Amino acid sequence: MEVFGSSGVRGVVGEDLTPTFVLRVATAAGTVWEAERAAVARDTRHTGGMLADAAAAGLARVGSDVDRLGVVPTPAAQLYAERSGIPVVVITASHNPPEYNGVKLVGNDGIELSIAALERIEGRLAGAAAGARWDAVGERRTVEGVGRRYIEAVCGAVDRERIADAALTVALDPGHGAGALTSPELLRELGCRVLTVNAHPDGHFPGRDPEPVPEHLGDLRRLVRTSEADLGVAHDGDADRAIFVDERGEYIEGDATFAALAAAELGRGDTVVSAVTASQRLVDLTERVGATLERIPVGSTRIISRVRELDAAGESVPIAGEGNGGVLFPAYRLARDGAYAAARFLELVAERPASEVVGRFAGYHNVRTTVGYEDDAERAAILAAAERHAASSSGELDATDGYRLDFGDAWVLARASGTEPLVRVYAEAREKARAGGLAEEMRAALEAGRDEE
Ligand code: MG
């Protein structure tokens, strides 16, 4: 897939991503779908209205009537697709900075399109689309209440009584994204007392960047401490992810959350699907309970495709996802869902403090760094340096996606980002200095390779 990367199409609006291009993508998707009706949804980004108009025009042009869902979380758009049996074009750049936007395509089953389906659409991008005759182009209508129906679906699918009985206080930071329109109400309906920060939808993201990483969550951590909340919850721009802060105001690593949620789900013989960035915590957990960990290339599209394959083969996959807060519970829905994940985590916090829920998975240190590049030649030089570094290392190499070296007590990975001009370096160990050292060795090798180019 050239156009659709690991998480759909993304780019800086006006530079890499234009309304003309979004119109072409929607036209190609509409041509392949041949749907009488399709929908368009978006997150809060400033450019979202313009690009949603372009997507709607592309769909109408090839004869699909268009439901305009407005600003809703991606999982709410997916629920609408599933219930209405129609495909959806979602305009979102998820966690990327405000100047970015993108396109995510959801099938009429509410699931992100498979790689094969995306390739069919990519194949139609180059050719000229035959638009419908003037009297056969699609009509549009505005659909309201999509967020409301999503809130009801999530509340109905979790142990609301258990959460409500614990009388929890939750501090919420939707980061000015689409979750600002649903998560406050949803958490209140679960019986929580809710305090918010950065909770008005604003495509300029004045309070914080859409990515829920520690350096952006100072406000939330302070709110947890000053309000004596039991849990802090943060979303990314389209609210398909949730990241947590414990009752002491400490950031909880996404890997620790994923491991804690997985520990509550996994039994002997189950499989958990995760990316090559999978934490040692998950390795240790799956060994302990007799489950299998499948590591596959990074990206929600690939994880979903693999879960579908395993499901078709009769394997039990109760949980899948990545340590970035994007978790899937396939028995519920094959979609990452920030509010549902938060509610499932609240079920655990109803029993014991958040710091104890993840306590068994503490004591690991993750280090992440990046090496930027200007052009394809520099990118190639960096990846060649990573390959040389891997060949000279004593670690066991996994080249599923990038170069991962496992050392038993620690691991390091270098892989090119699917959405930004960066090579990301990840390392994890029980000792902070060990993780830092492995990341630094890799980073230095990559930079030396780039600068020699
Ligand atoms: Mg997202």
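The values are calculated or read from the model by the stated rules, or taken from the named source; none is laboratory data. Because the structure is predicted, anything quoted here is derived from the model rather than measured. A quick note on method: Cβ atoms are made from the backbone with ideal geometry, for glycine too, and the neighbour counts reach across all protein chains shown.
Here are some notes:
- Of all residues in the range 22-43, those that are under 26 Å from Pro201 (Cα atoms) and either within 16 Å of the ligand (Cβ to nearest atom) or touching a strand residue (DSSP E or B) at 6+ places or on another chain (Cβ under 8 Å) (or both) total 8.
- Note on the range 126-143: residues that are free of Cβ contacts under 8 Å to residues at least 60 places away in the same chain and among the charged types (D, E, K, R) total 2.
- Residue match in the range 223-232 (condition: within 15 Å of the chain's Cα centre (by Cα) and not β-branched (Val, Ile, Thr)): no
- Within the range 215-267, the set of residues being farther than 28 Å from Pro98 by Cβ and touching an Asp or Glu at 6+ places or on another chain (Cβ under 6 Å) comprises Asp230, Glu247.
- So Arg352, is it within 30 Å of Val224 (Cα to Cα) and out of contact with any strand residue (DSSP E or B) (no Cβ under 8 Å at 6 or more places or on another chain): yes
- Only residues that are of a type in the set (Asp, Glu) and within 16 Å of Ala386 (Cβ to Cβ) were counted across the range 417-446, and they come to 2.
- Selected residue [touching a Phe, Trp or Tyr at 6+ places or on another chain (Cβ under 8 Å), at pLDDT 95 or above, small (Gly, Ala, Ser) and in the same structural domain as Gly138 (by TED's automatic domain parsing)] from Ala26, Ala60, Ala93: Ala93
- From Leu59, Leu51, residue being among the hydrophobic types (A, V, I, L, M, F, W, C) and farther than 16 Å from Arg141 by Cβ: Leu51
- Taking the numbered list (1) closer than 21 Å to Leu282 by Cα; (2) free of Cβ contacts under 8 Å to residues at least 24 places away in the same chain; (3) buried (at least 17 other Cβ atoms within 10 Å of the Cβ) in turn, Gly359 passes all entries but (3).
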